[in-house]
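A.B. asks: One structure, as structure tokens, below. Some questions next.
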Amino acid sequence: MISNTNNEFPEHVKIVEVGPRDGLQNEKQHISAEDKVTLINLLTDAGINYIESGSFVSPKWVPQMATSSDVFNAITRKEGVTYAALTPNMKGFEAAMAVNANEVAIFGAASEAFSQKNINCSIAESLERFEPIMTAAKQANVPVRGYVSCVVGCPYEGEIEPEQVALVAEKLYKMGCYEISLGDTVGVGTPLSVQKMLQAVSARVPKAKLAVHFHDTYGQALTNIYTALQNGISVIDSAIAGSGGCPYAKGASGNVATEDVVYLLNGLKIKTDIDLDKLVKAGWFISDKLGKTPSSKVSNAYRAQA
């Protein structure tokens with residue numbers, strides 16, 4: 001039975017917009033800093049109040065993010081909006097601080113094989129590398145968000161045990177990450193696997209400190225989000241126009257589209273404070289720049305009616 005009057009769903013959901021970083025980082029064609037800035041400004045105008053605006057990684061590995069400093073310096077900052085950056089090491093953290101990022105994010109994996117392939121070290125080693133960042137962030141009074149990738153499946157190991165996810169999430173939480181985003185990197189999750197994973201993680205980390213991050217490879221992202229809502233999760237990562245993908249996972253499609261998530265939440269009478277019409281136009285803007293059709297079904301339905 002669907003109802004939002006019996007505490008089955010949260011009253012308000014925070015959307016973490018990852019499009020400008022996770023959505024664009026693997027695009028092969030160059031996207032100018034100016035276009036990224038315009039996108040971020042359009043997103044804030046639509047009511048998004050948390051935007052992962054860039055990543056301070058080696059341009060050799062992620063050339064699309066080489067302009068992150070330029071982007072942070074040029075965006076029109078709105079009061080109450082968090083402009084966050086992904087910072088895998090101290091050099092990245094220092095670069096993020098130099099451009100006044102409000103928050104930073106670090107990332108681990110629930111899969112040993114994925115950790116080795118992605119960042120060339122074990123899970124334990126990857127977490128040890130973050131200790132200096134956690135110390136520096138605490139001294140600077142900068143919040144740190146933690147990502148866990150491959151929370152239900154891995155392109156190399158296959159199915160991931162929920163308890164393994166819980167252990168990694170707990171370590172990040174105990175290190176000082178105020179929120180842990182649980183990522184289905186290859187988009188293989190189903191409601192049952194997601195529920196088992198969330199039950200295991202929430203036994204070690206409070207639900208109020210958890211977020212979900214779904215890719216839509218098998219078309220299950222919205223269903224999995226619905227499951228997460230029923231399990232008390234009130235923070236959802238998504239990317240405008242359904243942009244993104246994982247270069248290490250063959251066939252992995254983009255992130256769940258922010259437009260589709262907001263449409264779902266609106267239908268459930270869950271507050272987001274986001275203007276869907278403006279959001280859709282932001283998706284059209286970046287999709288046109290990429291020369292692509294949005295992956296968002298809501299966006300395409302709106303455009304057909306325009």
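A.B. asks: If you look at just the Cα atoms of the stretch 1-142, how large are its Rg and its Dmax in Å?
C.D. replies: 16.9, 51
A.B. asks: Also, quick follow-up: Taking the square root of 5 times each eigenvalue of the Cα gyration tensor, what semi-axes in Å does the equivalent ellipsoid of the chain have, largest first?
C.D. replies: 25, 24, 19
A.B. asks: Given that compact globular proteins tend to follow 2.2 N^0.38 Å, what is the ratio of the alpha-carbon Rg of the stretch 193-291 to that value?
C.D. replies: After normalising by residue count via 2.2 N^0.38 Å, the value is 1.14.
A.B. asks: Would you please name the trypsin sites (Lys or Arg not before Pro) within the stretch 46-90 that are DSSP coil residues with at most 10 other C-beta atoms within 10 Å of their C-beta?
C.D. replies: Here the trypsin sites (Lys or Arg not before Pro) that fit, given the DSSP loop and packing criteria, are 60.
A.B. asks: Step through the table entries 207/292; 28/91; 209/269; 14/297, compare each Cα-Cα distance with 27 Å, and write down the pairs that go over it.
C.D. replies: Over 27 Å Cα-Cα: 207/292.
A.B. asks: Could you go through the stretch 194-205 in sequence order and give the Karplus-derived ³J(HN,Hα) for each residue, using 6.51 cos²θ - 1.76 cosθ + 1.60 with θ = phi - 60°, rounded to whole Hz, and x for Gly and Pro?
C.D. replies: 5, 5, 4, 5, 5, 5, 5, 5, 5, 6, 10, 10
Bear in mind these aren't lab numbers, they're just calculated from the coordinates by the rules spelled out. As the structure is a computational prediction, the values presented were derived from the model and not from experiment. All Cβ positions, even for glycine, are placed from backbone atoms using ideal geometry, and neighbour counts span all protein chains on display.
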